[in-house]
1. Residues to consider are K301, K331; find the one that is under 23 Å from A106 (Cα atoms), surrounded by 13 or more Cβ atoms within 10 Å (Cβ to Cβ) and either β-branched (V, I, T) or touching a strand residue (DSSP E or B) at 6+ places or on another chain (Cβ under 9 Å) (or both).
2. Can you name the residue in the range 229-248 that is assigned to a loop (DSSP other than H, G, I, E, B) and among the polar types (S, T, N, Q) and is also surrounded by the most Cβ atoms within 10 Å (Cβ to Cβ) among such residues?
3. Can you say whether E67 is among the acidic types (D, E), within 29 Å of P262 (Cα to Cα) and at pLDDT below 95, as far as the supplied structure shows?
4. Taking into account only those residues within the range 165-193 that are in contact with a Leu (Cβ under 6 Å, 6 or more places away or on another chain) and closer than 17 Å to F215 by Cα, which is surrounded by the fewest Cβ atoms within 10 Å (Cβ to Cβ)?
5. Against the condition of a type in the set (V, I, T) and farther than 20 Å from L254 by Cβ, how does T208 come out, does it pass?
6. So which pairs qualify, if the first residue must be in the range 344-357 and assigned by TED's automatic domain parsing to the domain that holds L79 and more than 17 Å from E294 (Cβ to Cβ), the second must be at pLDDT 95 or above and surrounded by fewer than 18 Cβ atoms within 10 Å (Cβ to Cβ), the Cβ gap must be under 8 Å, and the two must be at least 6 apart or on different chains?
7. Hey, among the residues in the range 182-207 that are under 13 Å from I159 (Cα atoms) and β-branched (V, I, T), which one's farthest from the chain's Cα centre (by Cα)?
8. So, in the range 78-91, exactly how many residues are surrounded by 17 or more Cβ atoms within 10 Å (Cβ to Cβ) and not in a strand (DSSP E or B)?
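The values are calculated or read from the model by the stated rules, or taken from the named source; none is laboratory data. Model, not experiment: these values are computed from the prediction. Here Cβ is always computed from backbone atoms with ideal geometry, including for glycine, and neighbour counts include all displayed protein chains.
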Amino acid sequence: MIRSRLSNLSLRTKSLRTKPLRTLTTAVSRLAMAGSLAALALTATVQAAEMPGKGVEVTPIFPSIAEERFRGEIAIAGLEALGYEVEEPKETEYAALMLALSYGDADFSVHAWNKLHASFYHKAGGDDTMLRAGDVIPGVLQGYLIDKKTAEKHNITKITDLQKPEIARLFDADGDDKADLTGCNPGWGCEQVINHHMRAYELQDTVTHNQGSYFALMADTITRYQEGRPVLYFTWVPQWIAGVLVENKDVVWLEVPYTDLPDGNNDVNTTFNGKNLGFAVDQIQAVLNREFAEENPAATKFLSLVQISASDESAQNLKMQNGEKSMKDIKRHAREWISANQSKFDNWLSEARAAAK
């Protein structure tokens, strides 16, 4: 009897000792679990802040000009750093590019010239369906150039000097007694300005606007220059041609007598270094589908901040002309540019992340 009571007392005492221990263990376990959940929640919050585009697919649309892909790859790299899943870019001409952005068939481009492509933008829907964001490349130029030797020998300074048959014949490449102007591809926008200039400056009888594959035509133009023959061509900056036929060393800009543009907006600035080039001094901008822009403030902010210099793009284009022209090369050029401009690139990302909060 005494032994039985002692045994029962022992069991009770053991129970009293183990119950609080189990309770404490359970409490610690629950605290640990809560801490883990809090840590996971904090991690998820940090990741969401760092990657505001996570899970969102983005479709870029670019022109089919390989020399303009470089800036697009910089934009893609930034969007991917923000978590966006960027699809392979669509490629088309500028008017169709604007329509695709307007209809939501693509989300963004970094290739719209503010003034040159204004008619494409407005006809496709304008501000109702799209959003212009920032200046990807400010201060871009277009115009007509001839070789410096011929300009100085014959005192040619204006495009209207080509009204004279004896001057126009100097640039005749095919034997028809008319100057051959290496011009602009249909669909680029610049061809509309050139054709308008041919009429406005009364050049139809003495100048032929040659159109086709621009860079193939320019390869022939450069060959003629290297052979010591006169050359007349249209170009724009930035791109590699300015690094091969160098302004004021190899070639000179021709002036127009007065500004005359197809849309009649002749109050825009067309002057560079004291010369009236006849084309608006322009800015290349990012353009986004408006619905995408409103739903993705981080992407919109980033694309509004992306900016490279005309000289940087021209230098990259010259690398392509010298053989580094594969898509692998272009992507590497973009990575190298980002590395050389890391602080600026990181600031763009920081501002984009802040815009998403």
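1. Details: K331 fails: either β-branched (V, I, T) or touching a strand residue (DSSP E or B) at 6+ places or on another chain (Cβ under 9 Å) (or both).
Only one candidate passes the filter, namely K301.
2. First, the residues of the range 229-248 that are assigned to a loop (DSSP other than H, G, I, E, B): 229-231, 238-240, 245-246, 248.
Next, only the ones that are among the polar types (S, T, N, Q) stay: 239, 248.
Working: Q239: 23, N248: 9.
Looking at the filtered set, the residue picked out is Q239.
3. Details: among the acidic types (D, E): yes; within 29 Å of P262 (Cα to Cα): yes; at pLDDT below 95: yes.
The answer is yes for E67.
4. Applying the first criterion (in contact with a Leu (Cβ under 6 Å, 6 or more places away or on another chain)) to the range 165-193 yields 168, 171, 179, 181-182, 189.
If we keep only those that are closer than 17 Å to F215 by Cα as well, we get 181-182, 189.
Working: L181: 28, T182: 27, G189: 22.
So, considering only residues that are in contact with a Leu (Cβ under 6 Å, 6 or more places away or on another chain) and closer than 17 Å to F215 by Cα, the one surrounded by the fewest Cβ atoms within 10 Å (Cβ to Cβ) is G189.
5. Details: of a type in the set (V, I, T): yes; farther than 20 Å from L254 by Cβ: no.
Criteria not met by T208.
6. F345/I338
7. Ranking the candidates gives T206 first.
8. Adding up the residues that qualify gives 7.
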